[in-house]
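The values are calculated or read from the model by the stated rules, or taken from the named source; none is laboratory data. Small disclaimer: the values here were computed from a predicted structure and weren't measured. Virtual Cβ from ideal backbone geometry, glycine too; neighbours counted across all protein chains shown. The area values use the complete protein model at the heavy-atom level, side chains included, leaving out ligands, DNA and RNA. Shrake-Rupley method; radii C 1.70, N 1.55, O 1.52, S 1.80 Å.
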Amino acid sequence: MNISTKYIPLYCSFLRLGAFTFGGGLAMLPLLRQEVVERHGWITEEELIDMYAVAQCAPGIIAVNTSVMAGYRIAGFGGVLAAVLGQITSPMCVITIIAALFRHLADSAAFQHALAGIGAMVCVLLTNTVWTMGKKSIRDAFTAVICILAFAADMAFNVPIILPTLCGGSIAVIHAMLTGRWHS
């Protein structure tokens, strides 16, 4: 495959993601799913869930971590470069412009209302993604219990995301070994 058929579509997809993702790493998930799973079929929804879970646990920016993992899975090391460069191009340009204008925008009622509207829409996108991906991630009663306990712990104690992620993975491994579901 040459560069135009492999890396340019990957760069353009992540450029769109970077341009239209407001609200951080979680806000990226619905658009990422739509782009790499539904639109291009580059990875499966299960692979995306796994990549995103690992990206959240790794140090750094979740959007960039996810871009690295997806880019590598899709097109190797060149894919990493294409995905990461695409992911960071738009935000770098937008944040540079906002930083230059921030002093003037911060007090603007229009700017404040626009941010409120964007925040509300991010909630809608996240809810939709949680519902869609939850149906694939919660596979049985055991994983439902893990999900509920992690949610309750986060709500009650505001634990860092790494803690329930590692605990959930460890508990699932131990459960599989104890119940004979362990497959090498």
Which ³J(HN,Hα) values, rounded to whole Hz and listed in residue order, are derived for segment 65-82 from phi using the Karplus coefficients 6.51, -1.76 and 1.60 in 6.51 cos²θ - 1.76 cosθ + 1.60 with θ = phi - 60°, glycine and proline given as x? 4, 5, 4, 4, 5, 5, x, 5, 5, 7, 8, x, 5, x, x, 4, 4, 5
Work out the charge dipole of the chain with +1 on the Cβ of Lys and Arg and -1 on the Cβ of Asp and Glu about the Cα centre, then indicate which of 48, 22, 131 is farthest towards its positive end. 48
Helix 45-57 sits at what angle to the longest principal axis of the chain, using alpha carbons and giving 0 to 90 degrees rounded to 10? 80
Select from 166, 26, 101 the residue whose mean-square fluctuation is largest in a Gaussian network model of the chain (Cα-Cα springs shorter than 10 Å). 101
Which FRET efficiency value, to the nearest 0.05, is calculated for residue 176 and residue 131 with the Förster distance at 25 angstrom and r the Cβ-Cβ distance? 0.45
Give me the angle, in degrees from 0 to 90, between the Cα long axis of helix 162-178 and the longest principal axis of the Cα atoms of the chain, rounded to the nearest 10. 30
Dipole of segment 96-184 [Lys/Arg +1, Asp/Glu -1 at C-beta], most positive-end residue of 148, 97, 108: 148
Relative contact order, percent, of the chain when contacts are C-alpha pairs under 8 Å separated by at least 6 residues? 25
Give the span of segment 38-87's Cα atoms along each principal axis, as three whole-Å numbers ordered largest to smallest. 27, 23, 16
For segment 56-156, what % of the accessible area comes from carbon and sulfur atoms, probe 1.4 Å? 76
At 222 nm, what value in deg cm²/dmol follows for the chain if DSSP H runs of at least 4 each add -39500 (n - 2.57) and the sum is divided by all its residues, to the nearest 500? -27500 deg cm²/dmol
Scattering from the C-alpha atoms of segment 1-107 alone, worked out with Debye: what is log10 I(q)/I(0) at q = 0.15, 0.19, 0.22, 0.23 1/Å? -0.59, -0.89, -1.14, -1.23
For segment 83-168, which trypsin sites (Lys or Arg not before Pro) are in a loop by DSSP, counting at most 12 other Cβ atoms within 10 Å? 139
Can you grab the distance from the C-alpha centre of segment 116-184 to the C-alpha centre of segment 51-113, Å, no decimals? 24
Electrostatic dipole magnitude of segment 75-184 [Cβ: Lys, Arg +1; Asp, Glu -1; Cα centre; debye, to 20]: 260
Going by alpha carbons, how many degrees (0 to 90, nearest 10) lie between the helix axis of 141-157 and the longest principal axis of the chain? 50
Segment 5-10 - phi-based ³J(HN,Hα) in whole Hz, Karplus 6.51/-1.76/1.60, Gly and Pro as x: 8, 10, 8, 5, x, 5
Enclosed volume per residue, in Å³, of the convex hull spanned by Cα atoms of segment 61-155: 147
Within the chain: Cβ-based charge dipole about Cα centre, in debye rounded to nearest 20 (Lys, Arg +1; Asp, Glu -1): 200
Probe 1.4 Å, protein heavy atoms only - accessible area per residue of the chain in square angstrom: 63
When the Kirkwood radius is taken over all Cα pairs of segment 122-184, what Stokes-Einstein diffusion coefficient follows at 20 °C and 1.002 mPa s, in µm²/s? 164
